[in-house]
Amino acid sequence: MTSTLKGITLKGSAEIVAEFFSFGINSILYQRGIYPPETFTRVTQYDLSLMLTTDANLKTYLASVVAQLKEWLCECTVQKLVLVITCLETNEVLERWQFDIECDKSAKENCAPREKPIKAIQEEIRSVIRQITATVTFLPLLETACAFDLLVYTDKDLEVPDKWEESGPQIINQSEEVRLRSFTTSIHKVNSMVAYKKSDSF
């Protein structure tokens, strides 16, 4: 309730968006079977039953990515996050989950909290997560062993941490695209879409 009364600050907005990415990435990895189902545990978030990884290495990796993402969200220097699913054997890109991030940079100068109830934001996030879960009904079955990678697009002049490396866009040839819902904190807006390889072009 306090966050509703105080409104949304840049830091609070960054935390909300980073938390969404943490749950969203976990949901995709679970739904698409990138890790065995037994390596996930059920939790309740956004009034939904969601799956979180229990794999120690994956937890550490995702925590470090989300922490860095939160920093860039606070600085309004991140433009998009992309989760790429590739065939382990051929390295071919099979799916590309893209989250475009728009940031109202005036929030850096103007510290006055934005008047958007946290409940309204969570309802929008809930709709996005539900859509991620529902994508299994139309996405082609991933019949090969797959790996995933996370790409983060930032402002060009941003200094990249040592552990991060430059990467190509990892585009899919002959892809279908489906736009998912968006949500906004009134400071950050996240637009979602998934591109996937047509099943007849495998």
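Below, the figures for the structure above:
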quantity: E177-K119 pseudo-label distance in nm [points 7 Å out on the Cα-to-Cβ vector]; calculated: 3.6 nm
quantity: Normalised contact order of the chain, rounded percent, pairs of Cα under 8 Å and 6 or more residues apart; calculated: 29 percent
quantity: Among the listed pairs K11/K59; K105/K198; K59/K105; K108/K197, those beyond 29 Å (Cα-Cα); calculated: K105/K198; K59/K105; K108/K197
quantity: D100 versus D47: modelled label distance in nm, points set 7 Å from Cα along the beta carbon direction; calculated: 2.9 nm
quantity: Full-extension gain in nm, S186 to T90, via 0.36 nm per residue minus C-alpha separation; calculated: 30.4 nm
quantity: The chain: angle of helix 118-134 to the longest principal axis, Cα-based, in degrees nearest 10; calculated: 0 degrees
quantity: Theoretical FRET efficiency, 1/(1+(r/R0)^6), r = Cβ-Cβ of A134 and Q79, R0 25 Å, to 0.05; calculated: 0.40
quantity: Probe 1.4 Å, protein heavy atoms only - accessible area per residue of the chain in square angstrom; calculated: 54 Å²
quantity: Cα-Cα separations in the range 8-106 greater than 24 Å, expressed as whole percent; calculated: 28 percent
quantity: Simple Cβ-charge dipole of the chain, Lys/Arg +1 and Asp/Glu -1, about Cα centre, in debye nearest 20; calculated: 760 debye
quantity: Solitary cysteines of the chain, where the nearest other Cys Cβ is not under 4.7 Å; calculated: C74, C87, C111, C146
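The values are calculated or read from the model by the stated rules, or taken from the named source; none is laboratory data. On a predicted model such as this, the values are computed, not experimentally measured, just so you know. Ideal geometry is used to build each Cβ from the backbone, glycine not excepted, and the neighbour counts take in all protein chains shown. With ligands, DNA and RNA removed, areas are computed over all heavy atoms of the protein, side chains included. Shrake-Rupley method; radii C 1.70, N 1.55, O 1.52, S 1.80 Å.
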